[in-house]
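Working notes, beginning with the structure itself.
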């Protein structure tokens, strides 16, 4: 009897990890770490895997909330291989090594005795189990390509998911049961990456992300309108001799914005003096460039390092720093997490009316970025450290460059696919409940589940 088990500790956007089984063959889907929690509370409940038949694990993409606990999963599945796309294979390693460095720093700064939860050696050993797989090809859970007419009862295929470089949806065929796990998906083209190309039928069970379920798309909104608004706001900042800080994630958003701003400059739509990124952003940008000709889903071949030539901002040189007019600083983190580069420099921008701080991605309401966005012009915000209250004297705006599919696009895809059952994951409860209600209303024949953490759901 097939079954699904939610290994996360809450119905939210957190430590994504799930288990599916059919015909005695089990597979783990992702192994994330919760970005807002600390210690063991930030991990999936791997103890639920004990005495279960796990033959393989799958990484949808190299973001922390999908990959961050992978070294801690491996002891629970010692005989299984971990499958992923080629770009994810290259991006996940520096992501995990950086996570070790962050945890070491947090141990010192916050007195977290159990940190780091894993070591650099653990990451290196973990990688020995990884296998990169080509997309749109059938594979066995032993890691071998399978011909279309091969009767192997347990196979999988990866499909381009459109979220970040290497993001892939997984289609599993387990003993006659067809299961599609989307990971994070995007049905719209970005600057570098094309939209998702997922199966259009033949799926029994769909496990789908619901990130934007509580966010209706504003009428008339497109990526093009967001681009035009951002470029205008940047140029207005330059016209008053200001600089722009864009708190941003080092992987995915940094590379997309580099390409977007570069091509806008080539078209004469913006005129900047310099572009800056963080050190980790440079690492991921180099991987993007190395895979420019081979990565699936690329719709624009822009070699960022040689064509855009961003400068690298080193945080150790932050003392005495002053923003340069006409420069754009794409610095981590997107949430302005405490002690990250964007967090440490924010006051230098906020207190000067000629500058600007712009957000281009999701900001958790409880994060420093969320607090800043909620602070009215002229109001004060506590950024921590020795600065005391900081008055917001410069423009602070948000532009929607989401790399997640809109809720309308996901609902349309579910209607096209018409699976027998649908498991709603990767969303806060209001988002999950919106999808549950709409699917029941529009497609009453589809069995819908919001899977509670730790509760096994089976079907015939």
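Descriptive notes on the structure:
- Efficiency of FRET between residue 228 and residue 265 - r from beta-carbon atoms, R0 25 angstrom, step 0.05: 0.95
- Length added when fully stretched, residue 221-residue 236, from 0.36 nm per residue minus Cα-Cα: 3.2 nm
- Taking all Cα-Cα distances within the chain, those exceeding 44 Å account for 11%.
- Spacing of the two label points (7 Å from each Cα toward its C-beta) at residue 315 and residue 338, in nm: 1.3
- Antiparallel DSSP beta bridges within the chain, percent to nearest 5: 45
- If the Kirkwood radius is taken over C-alpha pairs of segment 346-444, then at 37 °C and 0.692 mPa s the Stokes-Einstein diffusion coefficient equals 200 µm²/s.
- Our helix-only sum for the chain, with -39,500 (n - 2.57) per DSSP H run of n ≥ 4 divided by its residues, gives a mean residue ellipticity at 222 nm of -8500 deg cm²/dmol.
- Here the simple spin-label model places points 7 Å from the Cα toward Cβ, and for residue 114 and residue 290 these points are separated by 3.4 nm.
- Going from the residue with the fewest nearby Cβ atoms within 10 Å to the one with the most, 60, 167, 226 rank 226, 60, 167.
- Taking 149, 65, 293 and counting other C-beta atoms within 10 Å, the order from fewest to most: 149, 293, 65
- Kirkwood hydrodynamic radius of segment 223-398, Cα pairs, Å: 16.4
- With Cα atoms, 0 to 90° folded angle of helix 86-110 axis to the chain main axis: 60
- Here the contact order of the chain, divided by its residue count and restricted to Cα pairs under 8 Å and six or more residues apart, works out to 17 percent.
- Sorted fewest first by neighbouring Cβ atoms within 10 angstrom, 93, 380 come out as 380, 93.
- With a simple spin-label model that places each label point 7 Å from the Cα along the Cα-to-Cβ direction, the separation between residue 393 and residue 36 comes to 3.3 nm.
- Rg/Rh, computed from the Cα trace of segment 62-107 with Rh as the Kirkwood radius, has the value 1.00.
Throughout, read-outs are computed from the coordinates displayed, never taken from laboratory work. Treat the numbers as computed from the prediction; the structure is a model and nothing was measured. Counting neighbours? That spans all protein chains shown, and the Cβs are built from the backbone with ideal geometry, glycine included.
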